[in-house]
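Novice: Right, I'll just put the structure down here and ask away after.
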Amino acid sequence: MPIVTPDDLETVKVDYVVIGGGTSGLTLAARLTEDPKIVVLVVEAGIYHGPCPEIDVPGYMGRNIANPVFDWSFFSTPQKRANNRVVLQPRGKGLGGSSHLNFMGMFRPSKIEIDAIEELGNPGWNWDSLSHYFKKSEALQLPNLSPRDALKYAAKPNIEHHGFEGPIKNSFAPVWSEMHLKLFETAEALGIPRNPETGNGQNDGCMTSILSVDGETAKRSYATSAYLEPNLPRKNLLVLTEAHVTRILLEEDGSLKRAAGIEYLHGETPFRVENIQRDVIISTGTLQTPQILELSGIGRTEILSEYDIETVIDLPGVGENLQDHVGVATIAQVETKDETMDVLAEPMYRKKHEELYRFNMGMLAAVPAPAFVFLPADALGTKEEVASWQGRAQAQNTEVLANTVPSLKAGLEKQYEAQRRLFAHKKQSQAELLQFLGRQPLPYAPPAEPGKRYTSLFCTLTHPLSRGSVHISSADPLAPPAIHPNYFANEADLDLVVHAVEYALKLYKTEPMSRHVKKLIIPTEETVAEGREGLREYVRANCGPVYHPIGTASMMPHADGGVVDACLKVYGTSNLRVVDCSIIPMELSCHTQSMAYAIAEKAADILKAEISEESMANVVSRVDDLCIEE
């Protein structure tokens, strides 16, 4: 088993060091070590959880949030436009990263927004390329539904858009509820059609989530179970846990810097890994990748000098361009024959479903959030309101650092140009409504009343115009980063979330869902009676992220404030790369774990191609030498 200790590494010659054993890091390491000649070391700050019901059981979704064993439990800086609140920013801790903490939705982005990433200056990062890698990571298990029910529940995938031999098992939940169906029927009555296939580049409308769950075992399928554990016998795959990387060691390499090693803490003892043969790859995610770069002297000089860190590479885009889906919940008491998640608070029902889970059935074998409605701009607002949102997609309308740093502003304006196109597109979503079958367990939700049933609609913005940042808060590498989502820095975002809440309230009041809704719980009827200003205050007081942060090491041209190029190499370096969702320059209308796997799969092929090219060059060189000798 290649779980190693610092002492084991003293005599090992490592080709690649992957910092972070999360979703992308483990995927990349598994693919690179398919070549037995390539030695990869994964350095993870958390532990190896192993088989663990808290992770494995789908129905326990969300229970590990803010649990320090599983979650880094970061908090934002005070958010002045969200009532000066500090807001929880969960990130998975331990091997598997956020793939062991997320809510298992396996959505893909749309074709138009992926192609927009290429148009921002990233050749090869287009829909045709990424769709290949979505499929490569996937082993889809088709739903056990009749053709009629598959259409009713918008769960009829087209096999040509999916993979069936990849490591990640994807399936549909075994529970098909009445409220799930009523949501779709109601949305369709309001003009939002069902979308039974969301992997083809068109992801608007009503859809049932594909889940990263192995339907045969009813267990979460994630980076550890799918990419790491099957490959643990490989002698060239080394994994070091409970090792916190503090700095990347950089040396001169002509006009560039070369990552020659890393420093890390194991317990309180400092260690080094030196003489790295090929690349150092940061895969610590959107909230921690900027921290490692800055601690290593890569970033904006003003930030580094504040903490007496020498600037090795002045790269102002590091830590900037943070985006995340932001939203707020609505909850209604309903009358339904469904056993919603609320029943698990009752001992009799809990025991029943624990017994059903032994047979891969029941609510614990499912997730409580199976149904989604993705809404285009023209479903949210009038023609005039859509035009207003489009018009606000400009840097001058956003309180952000980019307005004072020319390269950052150039890149942001190009993003906004793409976002204006997305607003105009009739099939591109600007908001997502997530149905939670029960009272969604949020701090601002009143306690459930025994014996009563609930449904929730979480209303979230898919393409925020606001931009935030993540930077070091100290020269101490163990200090958490300063996470500044900058919620509602562009006022259009607040307006859009309010409109999404209004759409959810309209669903509650429209047949057939209205026949089941007995009482609106949150926002209260009193808040709703205050009109749009009451809802604005409700959003400001309760909004939070949907745990899809991206953008803090953006893949864009250097002149546009980018941090990495299209080969994922950090500007100014010869062999330092970033492989995680921090490279995504613009937020996507999907749940980002699909992108985390695809990015790593593509990165592995980029690196393998470089190895192949070097091998061919060496062969040619040797042939040339022989010819000269002759």
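Novice: Add +1 for every Lys or Arg and -1 for every Asp or Glu among the other residues with Cβ under 10 Å from the Cβ of residue 381, and state the total.
Specialist: -4
Novice: Here's a follow-up. Considering the values [x] 136; [y] 210; [z] 154, which represents volume of the Cα convex hull per residue in Å³ as calculated for the structure under consideration?
Specialist: Among [x] 136; [y] 210; [z] 154, the one derived from this structure is [z].
Novice: What is the calculated FRET efficiency for residue 146 to residue 478, with r their C-beta to C-beta distance and R₀ = 60 Å, to the nearest 0.05?
Specialist: Calculated value: 0.65.
Novice: Name the shape class, rounded, prolate or oblate, that the alpha-carbon gyration tensor gives for region 147-217, where a ≥ b ≥ c are the square roots of its eigenvalues, rounded holds for a/c under 1.5, and otherwise prolate holds if a/b is larger than b/c and oblate otherwise.
Specialist: Oblate, because a/c is 1.5 or more while a/b does not exceed b/c.
Novice: Can you give the helix-only mean residue ellipticity at 222 nm for the chain, where every DSSP H stretch with n ≥ 4 adds -39500 (n - 2.57) and the sum goes over all residues, rounded to the nearest 500 deg cm²/dmol?
Specialist: The per-residue figure over the chain is -8500 deg cm²/dmol.
Novice: Moving on to the next point. With charges only on Cβ, +1 for K and R and -1 for D and E, what is the dipole size of region 410-533 about its Cα centre, in debye, rounded to 20?
Specialist: The calculated dipole for region 410-533 is roughly 660 debye.
Novice: Go ahead and run the numbers for FRET between residue 359 and residue 444, Cβ-Cβ distance against an R0 of 41 Å, rounding to 0.05.
Specialist: According to the calculation, E is roughly 0.65.
Novice: For a 18 Å ceiling on Cα separation, which of these pairs sit above it: 352/518; 13/569; 136/602; 93/602; 182/352; 337/452?
Specialist: Beyond 18 Å: 352/518; 13/569; 93/602; 182/352.
Novice: Want the number for residue 88 to residue 275: 0.36 nm per residue separation, take away the alpha-carbon distance, what's left?
Specialist: Going from the current span to full extension adds 63.4 nm.
Novice: Please sort by residue number the trypsin sites (Lys or Arg not before Pro) in region 368-448 whose DSSP state is loop and whose Cβ has at most 12 other Cβ atoms within 10 Å.
Specialist: Loop-located and lightly packed - 426.
Novice: To continue, here is another question. Considering the zone a paramagnetic label at residue 132 would reach in this model (a point 7 Å from Cα along the Cα-to-Cβ line), which residues of region 551-577 have amide N under 19 Å from it?
Specialist: Counting backbone N atoms under 19 Å from the label point, the list is 566-569.
Novice: Of 589, 508, 549, which is farthest along the charge dipole of region 478-607 in the positive direction, counting Lys and Arg as +1 and Asp and Glu as -1 at C-beta?
Specialist: 508
Novice: Using the basic label-point model (7 angstrom from Cα toward the beta carbon), what is the residue 335 to residue 242 distance in nanometres?
Specialist: 5.7 nm
Novice: About the Cα centre, and with charges only on the beta carbon of Lys, Arg (+1) and Asp, Glu (-1), how big is the dipole of the chain? Nearest 20 debye, please.
Specialist: 2200 debye
Novice: Quote to one decimal, in nm, the extra length available between residue 541 and residue 308 on full extension: 0.36 nm per residue of separation minus the C-alpha distance between them.
Specialist: Between residue 541 and residue 308, full extension yields 80.2 nm more.
Novice: If you place +1 on the Cβ of every Lys and Arg, -1 on the Cβ of every Asp and Glu, and leave all else neutral, what size is the dipole of region 395-439 about its Cα centre, to the nearest 20 Debye?
Specialist: In debye, rounded to 20, region 395-439 gives about 220.
Novice: Give me the net charge for the shell around residue 106: Cβ to Cβ below 11 angstrom, other residues only, Lys and Arg +1, Asp and Glu -1.
Specialist: Overall, the nearby charge balance is +1.
Novice: How much FRET efficiency would the formula 1/(1 + (r/R0)^6) give for residue 5 and residue 119, where r is the Cβ-Cβ distance and R0 is 45 Å, rounded to 0.05?
Specialist: It comes out at approximately 0.45.
Novice: Here is a follow-up. Can you tell me the relative contact order of the chain? Whole percent, Cα pairs under 8 Å, sequence separation 6 or more.
Specialist: Over the chain, the number comes to 21 percent.
Novice: Could you list the GluC sites (Glu not before Pro) in region 148-208 that lie in coil according to DSSP, counting only those with at most 14 other Cβ atoms within 10 Å of their Cβ?
Specialist: The qualifying sites are 165.
Any read-out appearing in this document is the output of simple, stated calculations on the displayed coordinates, not a laboratory observation. Everything numeric here is computed off the predicted structure, so don't read it as measured data. Because the Cβ atoms are built from the backbone with ideal geometry, glycine has one as well, and the counts that use them run over all protein chains shown.
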